[in-house]
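Asks: Just passing along the structure, written as structure tokens.
Any read-out appearing in this document is the output of simple, stated calculations on the displayed coordinates, not a laboratory observation. All values derive from a computational prediction rather than experimental measurement. Glycine gets a Cβ as well: all are built from the backbone with ideal geometry, and neighbour counts include every protein chain shown.
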Amino acid sequence: MATRRAAVVAAGVGSSVPVYAADTDGGVLVDVDGNSLIDLGSGIAVTSVGASDPGVLRAVADQAAHFTHTCFMVTPYEGYVRVAEELADLTPGGHEKRSALFNSGAEAVENAVKVARLATGRPAVVAFDHAYHGRTNLTMALTAKAMPYKAHFGPFAPEIHRMPMSYPFRDDPGLTGDEAARRAITRIEKQIGADSVAAIILEPIQGEGGFIVPAPGFVPALAEWARANGVVFIADEVQTGFARTGTWFASEHEGVVPDIVAMAKGIAGGLPLSAITGRAELLDAVHPGGLGGTFGGNPVACAAAVAAIATMRRLDLPARARHIEDVVMPRLRALAERMPAVGDVRGRGAMLAIEFVVAGGREPDPDLTRTVAARAFEQGVIALTCGTYGNVVRLLPPLVIGDELLTEGIDVLESVLGELTGVRGVPR
């Protein structure tokens, strides 16, 4: 398989682990050689309801038997409308909302920015250190990390301005969320000017940047400033959305109601679908034809989304995510107390992370991080890495994973860390 791949697949398309999937669901991935692995990655937070949820499979088969495509911009269909109704109900805030559907998270982010610029008549967009927003030209400009996402792909879209993020582990000790927000706001006002800013875009918990949970008060303070200055506040919930952090959307943890929410990943049980949902007056400001795309809101993907959301509701997956945190986080905290190489553990729900450092300080240790992930894979666990400094292992199990399997996966990580650091884990 590797030889066949090398002959036809572009070298720029990388893979985290050297196996080829044959079957997967509920936290177990079986490769083409018959090996079983515990999946703590969920296709990067996509298969929250599992990779073959029965309800999703039935909905996909039923829709495909009727039609796979008409293009909503030519001949609309009920599934698109149904997804928009679900998103109006699920996203934060009781205001009147409108939605538009696309294919990927990057498309959702890009269209959210388009809407904000048109609705405000302003050019500038504020993003943050450590942010990841996608791989299109505009979303690369919004993304902070150069390698592998931006290096040598420029020039990028203009009028993107980067501000300091609240990063509690690496900020000055005692810096509060309000103070970190004020630091960013002061720079926005001095370097750009509030009346030039169309939008602030922020991941409520940063994903690829290192699963950074900002200090309490940071996100609400930015949202409040945005409202006071006519700036559109865009929450990039592509990775944090759909029950992943223990609420339907991570913005809810601090009561923030975004003007526009960008969504993808967990929305459709593994099928490609994304969306923006926002205040009616913003999205309705766009002229007919200004939003769309040939495959945006594909009918099969819409059917999968409706079924996936039904499964999330039926199984109460926000509560399940909180339970996963209750199971895993105490063990991660115990590791942090016992192992000097564990600089920080953080996250919410089933979006959890371990940041590795050179023992005794805060210097990032990407080598140890890569080795942890590689050794875990050798012992049958898929765990992904991330972070601006490449020193974070992120845990994104399917929300339907069983406790026994979840515990086994954490056992392996704990064992690997003990072997690599010479410090035994904490007896349970």
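Asks: 7 Å from Cα along Cα→Cβ at both Leu315 and Asp89: what's the point-to-point distance in nm?
Replies: According to this spin-label approximation, the distance is 1.9 nm.
Asks: Could you state the number of Å between the C-alpha centres of segment 349-410 and segment 68-141?
Replies: With segment 68-141 and segment 349-410 each reduced to a Cα centre, they are spaced 31 Å.
Asks: Which whole-Hz ³J(HN,Hα) couplings does segment 14-19 yield from phi under the Karplus relation 6.51 cos²θ - 1.76 cosθ + 1.60, θ = phi - 60°, glycine and proline marked x?
Replies: So the J values, rounded to whole Hz, are x, 9, 6, 10, x, 10.
Asks: Right, another one. Lys and Arg at +1, Asp and Glu at -1: add these up for the other residues within a Cβ distance under 13 Å of Met1 and post the number. Don't skip to the end; give the middle numbers.
Replies: Details: positive: Arg4, Arg5; negative: Asp31, Asp33.
In short, 0.
Asks: Multiply the residue gap between Arg187 and Val9 by 0.36 nm, knock off their C-alpha separation, and tell me the result in nm, one decimal place.
Replies: Values: separation 178, 0.36 × 178 = 64.08 nm, distance 4.39 nm.
Gain in length upon complete extension: 59.7 nm.
Asks: So, one more: Tell me, what is a quarter of the convex hull surface for the C-alpha atoms of segment 325-428, in nm² with one decimal? Before the final figure, lay out the partial values.
Replies: Details: hull surface 23.6 nm².
Dividing the Cα hull surface by four gives the mean projection, 5.9 nm².
Asks: Using only DSSP helix segments of four residues or longer, with each worth -39500 (n - 2.57), what per-residue ellipticity at 222 nm results for the chain after dividing by its residue count and rounding to 500?
Replies: Working: 13 runs with 160 residues, N = 428.
Only helices count here, giving -11500 deg cm²/dmol.
Asks: Based only on other Cβ atoms within 10 Å, what is the fewest-to-most ordering of Lys114, Lys145?
Replies: Details: Lys114 17, Lys145 21.
In order of increasing Cβ crowding within 10 Å: Lys114, Lys145.
Asks: With no solvent and one point per C-alpha, what does the Debye sum give as log10 I(q)/I(0) for segment 1-108 at q = 0.15, 0.16, 0.19 Å⁻¹?
Replies: Log10 of I(q)/I(0), two decimals: -0.99, -1.06, -1.20.
Asks: For segment 231-305, how big is the tail of P(r) above 18 Å, as a whole percent of Cα pairs? Please list the in-between numbers first.
Replies: Working: 1291 of 2775 pairs.
Cα-Cα pairs in segment 231-305 separated by more than 18 Å: 47 percent.
Asks: So for each of 369-380, 209-220 I average, over its residues, the number of other beta carbons within 10 Å; can you give me the resulting order with the highest mean first?
Replies: Details: 369-380: 17.6, 209-220: 22.7.
Ranked by mean Cβ neighbours within 10 Å, highest first: 209-220, 369-380.
Asks: Right, something else. Direction-averaged shadow area of the convex hull around the Cα atoms of segment 374-428, nm²?
Replies: Working: hull surface 18.0 nm².
If I average the Cα hull's projected area over directions, I get 4.5 nm².
Asks: Fewest to most neighbouring Cβ within 10 Å: what's the order for Glu237, Glu208? Spell out each step's value before the answer.
Replies: Details: Glu237 31, Glu208 23.
Fewest to most other Cβ atoms nearby, the residues stand as Glu208, Glu237.
Asks: What does the charge count around Val357 come to, taking other residues whose C-beta lies under 9 Å from its C-beta (Lys +1, Arg +1, Asp -1, Glu -1)? Present the calculation step by step, with values, prior to reporting the outcome.
Replies: On the way: positive: Arg362; negative: Asp344, Glu355, Glu363, Asp365.
It works out to a net charge of -3.
Asks: Where does each of Val28, Val345 land when they are ranked from fewest to most other beta-carbon atoms within 10 angstrom?
Replies: On the way: Val28 18, Val345 22.
In order of increasing Cβ crowding within 10 Å: Val28, Val345.
Asks: So, R0 is 35 Å and r is the distance between the beta-carbons of Lys150 and Asn229; what FRET efficiency does that work out to, to 0.05?
Replies: 0.75
Asks: Next question, about the same structure. Starting from the Cα of Glu78, step 7 Å along the direction of its Cβ; do the same at Leu175; then give the gap between the two resulting points in nm.
Replies: Result: 5.3 nm between the two label points.
Asks: If you don't mind, there's one more thing I want to ask. With a 10 Å radius around each residue's Cβ, average the other Cβ atoms per peptide and rank 222-228, 301-307, 359-365, highest first.
Replies: Details: 222-228: 18.4, 301-307: 26.1, 359-365: 14.0.
Final packing ranking: 301-307, 222-228, 359-365.
Asks: Where does the charge balance sit around Pro214 when Lys and Arg score +1, Asp and Glu -1, over other residues with C-beta under 10 Å from its C-beta? Don't jump to the answer; show the numbers that get you there.
Replies: Values: positive: none; negative: Asp171, Glu203, Glu254.
My count for the surroundings of Pro214 gives -3.
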